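Let me begin by presenting the structure, written as structure tokens, before commenting on it.
The values are calculated or read from the model by the stated rules, or taken from the named source; none is laboratory data. Since the structure is predicted, the reported quantities are computational estimates derived from the model, not experimental observations. For the accessible areas, the whole protein counts, side chains as well, though only heavy atoms, and no ligand, DNA or RNA atoms are used. Shrake-Rupley method; radii C 1.70, N 1.55, O 1.52, S 1.80 Å.
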Amino acid sequence: FSNPMQLHDYDGSISILMEMMQKLFLDREGNYLAIADSLCETIQKYLQKFSARPERYPFVAELKNRIYRELSNPDFSVSQEIHDMGFHPDYVRRCFQEEEGKTPLEYLTERRINKARELLLHDPFYGVEYTASQCGFSDSFYFSRKFKQVTGVSPSQYRKENLVRNEMREKQPEFAPDASL
């Protein structure tokens, strides 16, 4: 990259790739250097794609930044932000949907649920109420309902299923000999 740039990892893709990279270097198993090279190339291509993406509507990028900054604020109102931008709300929503494929409110909800997914797995000792409050939901029941609507499972079930899945991955032997040999 010729110029420094600041990017927000809105969907968590870069975080996932970086976590994979960290795990590779901590474990240092097998041909981890070749895998790390591939991951670096993937990260670089992702960043190039993201940075080359033309901003058709700069106010959409500004609204996304505002959403990102206020993600954990339960008093944050997308409608108020749109109003404060000085454009007609329907125009902003139409342009936002054209660029992102979803409305600003759907985008906010998706970002909050993605953050909740991350917290549920990285902070397994915190309750659903805490997770809800950290993700901008003032009502944990509403949070649970929205979470289930988006993911298909409750927050506690999501945590349980993914922690069990991660434990099983860690316990699996790297090489299982063939019984027929």
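What to note about this one:
- The HN-Hα couplings worked out from phi for the range 65-77 by the Karplus form 6.51 cos²θ - 1.76 cosθ + 1.60 (θ = phi - 60°) are 5, 5, 4, 4, 5, 9, 3, 8, 8, x, 8, 5, 10 Hz, whole numbers, x standing for Gly and Pro.
- Solvent exposure of the range 6-152, expressed per residue, is 62 Å² of accessible area, with all protein chains present and a 1.4 angstrom probe.
- Note on the range 77-133: with neighbouring protein chains present and a 1.4 Å probe, carbon and sulfur make up 51 percent of its accessible heavy-atom surface.
- The range 111-120 - phi-based ³J(HN,Hα) in whole Hz, Karplus 6.51/-1.76/1.60, Gly and Pro as x: 4, 5, 5, 4, 5, 4, 4, 4, 5, 4
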